[in-house]
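In what follows, a structure is listed as structure tokens, so that the remarks can point back to it.
The values are calculated or read from the model by the stated rules, or taken from the named source; none is laboratory data. Just so it is clear, the structure is predicted and the values come from calculations on it, not from any experiment. Positions of Cβ are generated from backbone atoms using ideal geometry, with glycine treated the same way; all protein chains shown enter the neighbour counts.
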Amino acid sequence: MSEPYQPTLTQLRAFAAVATHLHFGTAASDLGISQPTLSRALAALETGLGVTLIERSSRRTILTSVGRRLLPYAQRTLDATEEFVASATAMATRRIRTR
């Protein structure tokens, strides 16, 4: 039996940025990555999950119904990761000061 798919934070960031901006160029710029890198990350996420999160055309980018339902989970995961890193950094700083 194979392990369940585990998306990367990079893939979740790509999805959240495209969903927020509804524009690949703006999302890539916001993340500080190239548009092809962003597209690959989002495509890998969709392939891994077996769903289409974003509908793409030459004229527009829209969130699918599945994308709308999954976006809050991606955002909570990213928020929790930021909190985790901030807490760990604060603890490491206090530990260094108390030595």
Filter pass, LEU49 being on the phi > 0 side of the Ramachandran plot, aliphatic (A, V, I, L, M) and in contact (Cβ under 8 Å) with a residue 24 or more places away in the chain:
no
If a residue must be within 13 Å of the chain's Cα centre (by Cα) and farther than 18 Å from GLU82 by Cα, how many such residues does region 25-53 contain?
14
Does region 79-89 contain at least one residue that is surrounded by 11 or more Cβ atoms within 10 Å (Cβ to Cβ), among the aliphatic types (A, V, I, L, M) and closer than 16 Å to PRO7 by Cα?
no
Within region 1-60, helices (runs of 4 or more DSSP H) holding 3 or more residues that are surrounded by 19 or more Cβ atoms within 10 Å (Cβ to Cβ), at pLDDT 95 or above and touching a Gly at 6+ places or on another chain (Cβ under 9 Å)
9-21
Return yes when ARG76 is surrounded by 10 or more Cβ atoms within 10 Å (Cβ to Cβ), at pLDDT 95 or above and not polar (S, T, N, Q) and no when it is not.
yes
I'd like to check something: does region 65-78 contain any residue that is of a type in the set (S, T, N, Q), in a helix (DSSP H, G or I) and touching a residue at least 12 places away in the same chain (Cβ under 8 Å)?
yes
